[in-house]
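Worksheet: the structure to be examined is printed underneath.
The values are calculated or read from the model by the stated rules, or taken from the named source; none is laboratory data. Predicted model only: the values in this text are computed from it and were never measured. Glycine gets a Cβ as well: all are built from the backbone with ideal geometry, and neighbour counts include every protein chain shown.
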Amino acid sequence: MDEAQDTVFVIDDDPSMRGALEDLVSSVGLQVRVFSSPQQFLESKRPDAPSCLVLDVRLRGMSGLTFQKELGSAGIALPVIFITAHGDIPMSVRAMKAGAVEFLTKPFHDQDLLDAIHIGIQRDRHRRRDALLVTELRERFTALTERERQIMRVVISGRANKQIAAELTLSEMTVKVHRGQVMRKMCAASLAELVRMADRLEVPIPI
């Protein structure tokens with residue numbers, strides 16, 4: 001997958017903190033974009049690249065924790081790193097349970113933030129690749145005929161061609177041909193691989 005430069009988004013309503021974070025992140029060769037509010041971030045056009053979000057917990061109008069929840073509801077799957085000058089254990093637990101990469105209390109060590117950013121970007125890179133794979137698998141599955149999809153659903157249950165033929169009232173040869181087509185179109189080298197693909201696509205396995 002052709003990817004643009006890794007990007008770090010920063011949302012903090014303190015201008016001095018935004019500037020300091022921008023300087024720190026850019027110093028290690030990462031692209032950084034800073035915002036003073038969640039709304040400004042949402043209204044921006046974001047690059048299609050592995051990214052993470054450095055988010056202040058206490059913001060004017062909306063807390064970072066609330067915004068983290070809104071991001072999930074909006075389908076924006078960005079790894080979040082929280083920073084705060086007023087953190088406590090319940091707050092950090094809530095953030096981590098909601099999927100945050102890290103919860104750092106100001107003043108924090110620069111390297112701790114950079115390490116968290118690295119983890120966040122790697123996590124997003126893996127998510128993007130995983131999403132691309134699922135999209136490709138879905139396209140292959142859509143290309144199957146209705147009969148081939150029916151055969152695939154039974155094949156992944158582990159039934160032999162003879163059993164499938166009896167269950168679907170087809171000849172064993174017809175099942176064999178359709179099964180071969182399914183394997184070819186799905187680009188599956190083995191039954192185990194086809195089962196893994198079906199699991200990724202959440203194809204129901206007949207009982």
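Assorted remarks:
- A single member of Arg159, Arg123, Arg153 is of a type in the set (Lys, Arg) and either assigned by TED's automatic domain parsing to the domain that holds Ser63 or touching a Ser or Thr at 6+ places or on another chain (Cβ under 9 Å) (or both), and it is Arg123.
- So Val203, is it surrounded by 13 or more Cβ atoms within 10 Å (Cβ to Cβ), within 26 Å of the chain's Cα centre (by Cα) and among the hydrophobic types (A, V, I, L, M, F, W, C): yes
- Positions within segment 39-52 being surrounded by 13 or more Cβ atoms within 10 Å (Cβ to Cβ) and over 21 Å from Arg127 (Cβ atoms), in sequence order: Gln39
- Of all the listed residues (Ala85, Ala49), the sole one being closer than 26 Å to Arg129 by Cα and of a type in the set (A, V, I, L, M, F, W, C) is Ala49.
- Residues that are modelled with pLDDT under 95, surrounded by 15 or more Cβ atoms within 10 Å (Cβ to Cβ) and out of contact with any helix residue (DSSP H, G or I) (no Cβ under 8 Å at 6 or more places or on another chain) number at least 3 in none of the helices (runs of 4 or more DSSP H) confined to segment 97-188.
- All of Ser44, Ser27, Ser51 fail the test of being assigned by TED's automatic domain parsing to the domain that holds Gly120 and more than 24 Å from the chain's Cα centre (by Cα), apart from Ser27.
- Yes/no for Asp110 being under 17 Å from Val8 (Cα atoms) and acidic (Asp, Glu): yes
- Extreme residue, farthest from Asp13 (Cα to Cα), among residues of segment 53-90 that are in contact with an Asp or Glu (Cβ under 6 Å, 6 or more places away or on another chain) and surrounded by 15 or more Cβ atoms within 10 Å (Cβ to Cβ): Pro79
- Within segment 3-13, if we keep just the residues that are charged (D, E, K, R) and either more than 20 Å from the chain's Cα centre (by Cα) or in a strand (DSSP E or B) (or both), the residue that is nearest to Asp110 (Cα to Cα) turns out to be Asp12.
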